[in-house]
Structures are given as structure tokens and as C-alpha cells.
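Reviewing the structure listed below.
The values are calculated or read from the model by the stated rules, or taken from the named source; none is laboratory data. Fair warning: this is a prediction, and the values are worked out from it, not measured in the lab. Using ideal geometry, Cβ is built from the backbone for each residue, glycine included, and neighbour counts are taken over all protein chains shown.
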Amino acid sequence: MERAPGLSVRLRLTLSYAGFLMLAGVMLLASVWVFILRNLPEYTGVPGGVLIRSTLMHDFASAAGVELFILLMVGLGGGWLLAGRMLAPLNRITNATRLATSGSLSHRIRLPGRRDEFRELADDFDGMLARLEAHVAEQRRFAANASHELRTPLAISKALLDVARTDPDCDTDEVIERLDTVNTRAIDLTEALLLLSRADQRSFVRENVDLSLLAEEAAETLLPLAEKRGITIETSGEITPVVGSRTLLLQLNMNLMQNAIVHNLPEDGTVWVNTSVRARTVVLTVENTGEKLTPQLVATLTEPFQRGTERIHTDHAGVGLGLAIVKTITQAHDGTLTLTPRPAGGMRVTVELPTTAPRW
Ligand SMILES: Nc1ncnc2c1ncn2[C@@H]1O[C@H](COP(=O)(O)OP(=O)(O)OP(=O)(O)O)[C@@H](O)[C@H]1O
Ligand SMILES: [Mg+2]
């Protein structure tokens, strides 16, 4: 909002300094004046006594006038310099703000000196800029990855269509079959992206749900997949009431269990799903056997489009959004997500959510 320009803070501070200095000067001189008036002899019996007294008073008044003038000059000059020094950090902060507004997020104020109010403001501002810069970089990376992933199925479809058009001996049924697969993958990817943005915006209906029921539902749905891969799912736990979106929390369970099945041992793998209640939170853990994982690798897996190095089952061509979605859904429900590699191989994923409705 544009406002009419007022007196600058520097000028106002200068005037205040000078004003106070003048006030102190006037009070001092007034007290001296009163002191002189009280203690000056009356000279009543002395010839020309009244004249001496009035000359003295007159001299004092003119000296006081000169002194007040000097005080005013010192007050204005000193005040201007002092205010300039005091406000210098503010100028640096203002400059940094302007730069940030114009899109340059890499600039930092880095205010030197001891910790005071300005330094705190500048440090907090620098911290905010760093977070903003990281966030923008993450968004850009995400958009680039998403575009790349979406282009791949489109490029494959185009190649298939080109072959179908130019090659007279091409097997149309096979082309249709492959186009269907590629198309399904593109739809899955788009749906995953939409889900991610929906959870990110926290624009969902909250209701009372039991996490353990959702875990069971997900386990039931994924049972055929588990059986196909020779994996046993063991579910256990207690009633775990939470407030949140049923659809999103079911999706969270599905993603975790699908991962636990798909990224498991080639055969005879196990998945353990457990729900439990703590003092203020409920905890869902999904644990699975599998390859040995390093903590460094595990720390990166919740990043969008981040996939593990080796793929045991080549028929699962994941896009690497499953855990990113789980993380976003957990955060949208004010919960925490922890991934830990199991010493014997495989992974343990823990989702901790508040039991009662969070306040905001
Ligand atoms: N339970 C798990 N055990 C072992 N590795 C896992 C597990 N869950 C995830 N991973 C590793 O983390 C990576 C990222 O998982 P994420 O679910 O985000 O993507 P994805 O499963 O590859 O693809 P999709 O988007 O289809 O889920 C996987 O590629 C896999 O290497
Ligand atoms: Mg996955």
C-alpha cells in the first residue's frame, strides 16, 4: 500500500536528540538563573547598585542565548550523525529486502557486530531467505523431474505410433497392448502428482478414522500382489483413532505396504504392519525384509522421484513418488515420518500422528 511520505526516521531521531538537549540546556540555565536571582546581593545601599544588577542579568541572558544556540547546533549535528550510525544496519536490511523482492534470493545481509535487536532481525531474515531459496530450488527440481517423467511415456507412445504408421508388418495388437501399458503409467503418474499437490495444500475433509482399519484394508487389497511375490503380511495392533482424511490416510497405508512388498526379498519375504497408541500420538509401523540399505540412501528416499539403486523385480517400474506422497500426507496431518534401515536388511517406516484434533 502506497502511503504519503512522512519525515524520515533519521530526521525525527535528530530532532528528538536536539529537542532533548535543548530542554536539558534550558532547564539547567533556568536553575542557574534562579540561583543567581536568589544569591545576588540587592545592592540597594550601593550607588548604581540596581544598574550593576541589571547589567549582570543582561550579560547572563545573552551568554545563555549563545549557549542555547550552540547546544542546538551540536544537538542537530550530533543527532544527525548518531541517528545515521544507529540506522545503518536498517539500510542494509532494507536493501536485502528489496533484492529479495526483485527475485534475488541468494543475497544475505550477514550483519557484523554483537548480538542486538538489528543483528537478530538480520540473522532471522538471512535464515528466512535461506529456507526460501532451498524451497524454490526444490520446487524447480520437482517441476523439472515431473516434466521429464511425464515426457517419457509420451515419447514412448509417439515412437510406438510412428512404428505402427510406417511399418506395414507391425503387430497392431502388440502396439495397442504396449500403448495401454504406457498410458496407464502416465495416468498413474499424473494421479500421484495430483495427490501430492492436494495433500500439500491441506485441502481435504477431516473426519474421525481408525488407522488400524485402514491398515487392514490396505493389506487386504494388496494381498494378491504379496501372494504373487511369495510375501507374507503380518498385521497386528490396537484401535488407533486419528482425525484426518480417510482417502489420504488409506493412500499412505497403500503406498507403504506396496513398497514393503515390492522392495522386498525376491522370495520368502515378510511384511509386518503394526498400529499402537501412545500418550498423545498413534504410531503405524511398516517393516519389511529385503536388501541391506545404508542410512545415507534411506535419508534421500522421501525426496520426489528418488528411487533406490537396484531393482529386484523389474516388473515394478515405480516413479519414485510413493514415499514423497507418504511424507506430504503425514505432514498435512501434523505427524512425523521416520525411515530406518533394518540391520538384517529391509526397512522400517514409522508414521506418528496426533490422536486428537490438532488446533490451528
Ligand atoms: N519398504 C521398503 N524397503 C526397501 N526399500 C524401499 C522401501 N520403500 C521404499 N524403498 C526404496 O525407496 C525408493 C523410493 O520409494 P517410493 O515409494 O518413493 O518410489 P517407488 O516405490 O520406486 O515408486 P512409486 O512412485 O511407484 O512408489 C524405492 O525405489 C526403493 O528403492
Ligand atoms: Mg513406492
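Considering the conditions (1) over 27 Å from the mean Cα position of the chain (by Cα); (2) at pLDDT 95 or above, HIS313 is excluded by exactly one of them, (2). Taking the criterion of being assigned to a helix (DSSP H, G or I) and over 20 Å from LEU87 (Cα atoms), the only residue of the stretch 101-122 that qualifies is THR101.
Among the residues making up the stretch 182-203, a single one is of a type in the set (Val, Ile, Thr), over 30 Å from the mean Cα position of the chain (by Cα) and surrounded by 13 or more Cβ atoms within 10 Å (Cβ to Cβ): VAL182. Could you pull out the residue among SER212, SER157 that is modelled with pLDDT of 90 or more, polar (S, T, N, Q), in a helix (DSSP H, G or I) and under 30 Å from THR289 (Cα atoms)? Matching residue, one of SER212, SER157: SER212. Within the stretch 218-238, the set of residues being over 33 Å from the mean Cα position of the chain (by Cα), not polar (S, T, N, Q) and not in a strand (DSSP E or B) comprises ALA219, GLU220, LEU222, LEU223, PRO224, LEU225, ALA226, GLU227, LYS228, ARG229, GLY230, GLU238. Would it be correct to say that LEU195 is over 25 Å from ALA332 (Cα atoms), hydrophobic (A, V, I, L, M, F, W, C) and either in a loop (DSSP other than H, G, I, E, B) or within 16 Å of ligand 2 (Cβ to nearest atom) (or both)? So LEU195 fails the test.
Only one of the numbered conditions (1) surrounded by 16 or more Cβ atoms within 10 Å (Cβ to Cβ); (2) at pLDDT 95 or above is not met by GLU234, and that is (1).
Taking the stretch 158-189 as the range and being farther than 23 Å from GLY318 by Cβ and of a type in the set (Ser, Thr, Tyr) as the test, the residues that pass are THR166, THR172.
When the stretch 270-299 is limited to residues that are over 27 Å from the mean Cα position of the chain (by Cα) and crowded, with 23+ Cβ neighbours inside 10 Å, the one that is nearest to GLY345 (Cα to Cα) turns out to be GLY290.
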